[in-house]
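Colleague: I'd like to ask you about the structure that follows.
The values are calculated or read from the model by the stated rules, or taken from the named source; none is laboratory data. Note that the structure is predicted; figures quoted are calculated from it, not measured. FYI the Cβ positions are ideal-geometry reconstructions off the backbone, even for glycines, and counts take in every protein chain you see. What goes into the accessible areas is simple: the full protein's heavy atoms, side chains included, and nothing from ligands, DNA or RNA. Shrake-Rupley method; radii C 1.70, N 1.55, O 1.52, S 1.80 Å.
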Amino acid sequence: MHVPDGFLDAPTSVATGVVAAAAVGVALRRARTELDDRTAPMAGLVAAFVFAAQMINFPVGAGTSGHLLGGALAAVLVGPWTGLLCVSVVLVVQALFMADGGITALGTNVVLIGVVTALAGYVVFRALQAVLPRRLGTVAPTAAVAAFVSVPAAAAVFSLLFAIGGTAPVDAGKVLTAMLGWHVLIGIGEAVVTGLVVGAVVAVRPDLVRGARPLVAARELEIRTVAA
């Protein structure tokens with residue numbers, strides 16, 4: 001999913017850079033409402049985990065490999081805005097020091113891997129929570145579904161950007177088909193990793209999972225009411 005330099009033309013890269021900068025600016029302000037004594041250390045751990053996990057590639061067939069994007073995972077664990085910042089920091093480090101994604105394509109990568117996966121994943125997560133039973137046991141599978149959806153969503157946005165400003169002589173329809181096809185498979189791996197990680201944290205410390213806090217608060221209120 002990391003877009004290299006020169007894959008999109010200059011106007012498209014500049015436009016995505018502006019969108020990425022605006023999104024990060026909003027996230028810096030909104031993250032203040034998500035960060036507290038528990039979330040701040042968790043955010044550092046999430047960024048470190050996403051950075052390490054993106055170094056591990058898994059095969060999806062025909063010589064193609066995928067890796068964790070991590071936006072939905074970060075959003076569920078620490079909130080969508082803090083999650084966006086975590087993934088953005090990872091992408092900046094990768095671009096500057098590891099040549100993973102281009103410098104001129106940094107804005108594009110932040111939009112695709114950070115903005116789309118974190119925000120779209122969190123919207124799906126909250127939508128599922130609204131219709132499913134309010135139990136801690138639903139948090140991990142709900143996060144897994146959100147992570148799965150976030151990956152082809154990012155692939156679809158990339159296909160749109162390529163149709164607008166792609167520099168390779170490839171039909172946009174073929175790019176969309178290929179991107180969605182492969183990223184549905186990659187999304188399965190994303191869902192498995194996200195579900196396992198969120199489930200493990202919820203099992204030990206559900207209060208550390210931003211997406212589970214309303215359920216934890218409701219459970220504590222129920223226990224106190226019964227005790228009273």
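Colleague: Through the Karplus equation 6.51 cos²θ - 1.76 cosθ + 1.60, θ set to phi - 60°, convert the phi angles of the stretch 29-38 into ³J(HN,Hα) values in whole Hz; use x for Gly and Pro.
Modeller: For the stretch 29-38, the Karplus-derived couplings read 7, 6, 5, 4, 7, 9, 7, 8, 4, 8 Hz, x marking Gly and Pro.
Colleague: Here's another thing I want to ask about it. What ranking do 134-140, 83-89 get when scored by the average of other Cβ atoms within 10 Å per residue, highest first?
Modeller: Working: 134-140: 16.1, 83-89: 27.4.
Highest-to-lowest ranking by the protection proxy: 83-89, 134-140.
Colleague: So, taking all protein chains as they sit and a 1.4 Å probe, how much accessible area belongs to Ile164, in Å² rounded to tens?
Modeller: Surface open to solvent at Ile164 totals about 110 Å².
Colleague: If the elastic network links every pair of Cα atoms under 10 Å, which of Leu106, Leu128, Leu68 fluctuates the most in the Gaussian network model of the chain?
Modeller: Residue with maximal mean-square fluctuation among Leu106, Leu128, Leu68: Leu128.
Colleague: Accessible area per residue, 1.4 Å probe, Å², for the stretch 1-152: what's the number? Before the final figure, lay out the partial values.
Modeller: Numbers: 6530 Å² over 152 residues.
Using a 1.4 Å probe on heavy atoms only, each residue of the stretch 1-152 averages 43 Å².
Colleague: Calculated from DSSP H runs of 4 or more alone, at -39500 (n - 2.57) each and per residue, what is the 222 nm mean residue ellipticity of the chain, nearest 500?
Modeller: So the helix-based figure for the chain works out to -22500 deg cm²/dmol.
Colleague: A follow-up question, please. Roll a 1.4 angstrom probe over the protein heavy atoms and tell me the percent of accessible area of the stretch 10-218 that is carbon or sulfur.
Modeller: Details: 6680 of 9090 Å².
It is 74 percent, rounded to a whole number.
Colleague: Taking the stretch 139-171, which chymotrypsin sites (Phe, Trp or Tyr not before Pro) meet the DSSP loop condition and have no more than 10 other C-beta atoms within 10 Å?
Modeller: Passing both the DSSP loop test and the Cβ count: no residue.
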